[in-house]
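Beneath this line is the structure, given in structure tokens, with notes to follow.
The values are calculated or read from the model by the stated rules, or taken from the named source; none is laboratory data. Quick caveat: nothing in here was measured; it's all calculated off a predicted structure. Positions of Cβ are backbone-derived with ideal geometry, glycine not excepted, and every protein chain shown enters the neighbour counts. Please note that ligands, DNA and RNA were not included when accessible areas were found on the heavy atoms of the full protein model with its side chains. Shrake-Rupley method; radii C 1.70, N 1.55, O 1.52, S 1.80 Å.
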Amino acid sequence: IWALVVAHLSQTDLTALVAVSRPLLQVVLDRRYRHFDWFVPDKNTLGRLLRLRYVRFQLKFNLSLKEREFSDPFVAKRVKMMHVRESFMRQLLRNPQAFETPTPVVYGIVERLYSFISGLPPMGATTHMQLDGLEDRPRDIVCLLEQALLGMTNLREVTFESDSLVKHTDTLRLLGSFKRVFNPHLHTVTLNLTITDLSSLLPGVALPGLEEFDLTVKFDASAAQELLNNLGPTITAFAPNIHIFKIHSWAHQDHTQFLTSLAPFSNLRSLSVAIQFSKQRLSDTSCLNQILRQHRITLHHLELLPESWDSKDKSQTSNWALFLEQCLLDLDQWPTNLKTLAIPSTDLPTTMSLIRRVANTLTCLRLTYRYLTYLEVADVIDLFHHRAHDMQHLSLDVTLATPNLFGLLARKLPGLLSLTLVIEDAKSTMHSILRTRPDESDISWNLFDLSIFNKKFRDDSISIAAPMSFEFEEGLMAQLSYLLPSVFWLREIRQILYIA
């Protein structure tokens, strides 16, 4: 009831009424602190951190009334979702010299003695923290972060993004503090870190109840191959029962041993792998086939999207072709209960053989890295002729998106809810659609969401393609709204993306 009351009140009214009743205060605090997004270390974010920091009761006798208000741990316990953004950490670490300022000897001894006795991070200057000028004192901010993390004992979702933290004693200590937020209640963890930082953060942590683990390994040229190899067993011990596992790696090391050392997850439902398929990054593709065999029954969602794909890179294309060949030779072990499949269509006949294997269960299909012609699109969707009303989501790279293509999709897949098209020749597509009068089109469809992307790169896979003019964008969206009146979403994004 109080939640409904809060939903109809403005922020000004809430501020005036929080003292009316304790249940109302609880609801307001839950709404205000449920999701904590650390975007930049500005006054607003640091002020909230001051409110969340945890100070032991033994130290409260020398705090002022205002400081007592800003050190109540019951507020920090209300944080359920925490997102530490890379922009926050980058701005915090932008001045390395600030971390090298020597600490007075006597103060340092007292600080370390307190930390040893209490088991808490050093209090630093944050016991009597002043908000003014705090943005320019990164060492104090690090202490403040440690104290705030101590009270966040009820987190459910954690996202942590950062460049390398192994730079200063203070930031290394902060990395250790993040281990404390890994509590048994966590069900989603997203990490975007270097191999070195991951190797410091994950060991010694066990989250048997974790359901989703999204891991992005940043480029780290100095990291040893052994560190990446050891991450596999560490992740298996870290979260043995995860349902969703995503790995997106920019690391320049070989990922074969890392993938091979991942023990089978008993309840894995969704797997996403995005790494470069060159021989240097993946020397033996059979490690992926091994993972697919181990989870062929439980797996429902599968994404295999090679990172930084370049059709002219023979090492990458031949390695991907070898993986597909292994899949065909072991087709009986290919997952049989897939509902979602995202995969390159560079070798379309082989890709279609894999799709045919799961055509009875798929409801979502994404094919990329090859621009399909009208006839090739027809061949793909014919795989679902026996259950045309069951396919709900489709994403394709196509040469042209003409009214004829929309008509084909409407006839063959009448139950489609969302469609995403990446177009190779956007200019010809626009001319074709703009020349079609609404009374000439006979497309009857219940499509709800249509997204159209212009080709992102030119053929060299490096140069960004030129955006279409504003007039073309406006005309295209207006025409599509006439041709496909059932489409609900009508939004505009400039440059390379058009959504109708």
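A few notes on this one:
- Phe178 accessible area, 1.4 Å probe, all protein chains in place, Å² to nearest 10: 0 Å²
- For region 326-333, putting each phi into the Karplus relation 6.51 cos²θ - 1.76 cosθ + 1.60 with θ = phi - 60° gives couplings of 5, 5, 5, 5, 10, 4, 5, 9 Hz, in residue order, rounded to whole numbers and with x for Gly and Pro.
- Rounded to the nearest 20 debye, the dipole size of region 324-445 about its Cα centre is 300 debye, using +1 on the Cβ of Lys and Arg and -1 on the Cβ of Asp and Glu.
- Pairwise label distance in nanometres, Ser418 with Ala378, each label 7 Å out on the Cα-Cβ vector: 2.9 nm
- Segment Tyr482-Gln326, extension gain: residue separation times 0.36 nm, minus the distance between their alpha carbons: 51.5 nm
- Links that overshoot a 20 Å alpha carbon limit, given the list Lys312/Lys455; Lys246/Lys339; Lys427/Lys455; Lys246/Lys314: Lys246/Lys314
- Probe 1.4 Å - accessible area at Leu483, Å² to nearest ten: 10 Å²
- Value of relative contact order over region 238-328, rounded to a whole percent, pairs C-alpha under 8 Å and six or more apart: 32 percent
- Point-to-point label distance, Arg94-Asp347, nm (Cα→Cβ direction, 7 Å offset): 4.9 nm
- Sorting Thr234, Thr373 by accessible area puts them as Thr373, Thr234; the probe is 1.4 Å, largest comes first, and only protein heavy atoms count.
- Theoretical FRET efficiency, 1/(1+(r/R0)^6), r = Cβ-Cβ of Leu175 and Arg356, R0 51 Å, to 0.05: 0.60
- Computed over neighbours whose Cβ is under 15 Å from that of Leu322, the net charge equals -2, Lys and Arg +1, Asp and Glu -1.
- Taking the empirical scaling 2.2 N^0.38 Å for compact globular proteins as reference, region 235-385 has a Cα radius of gyration ratio of 1.02.
- Ordered by solvent-accessible area of protein heavy atoms (1.4 Å probe), largest first, the residues His385, His83 come out as His385, His83.
- Extension reserve of the Ala7-Asp136 stretch, reckoned as 0.36 nm per residue once the Cα distance is removed: 42.7 nm
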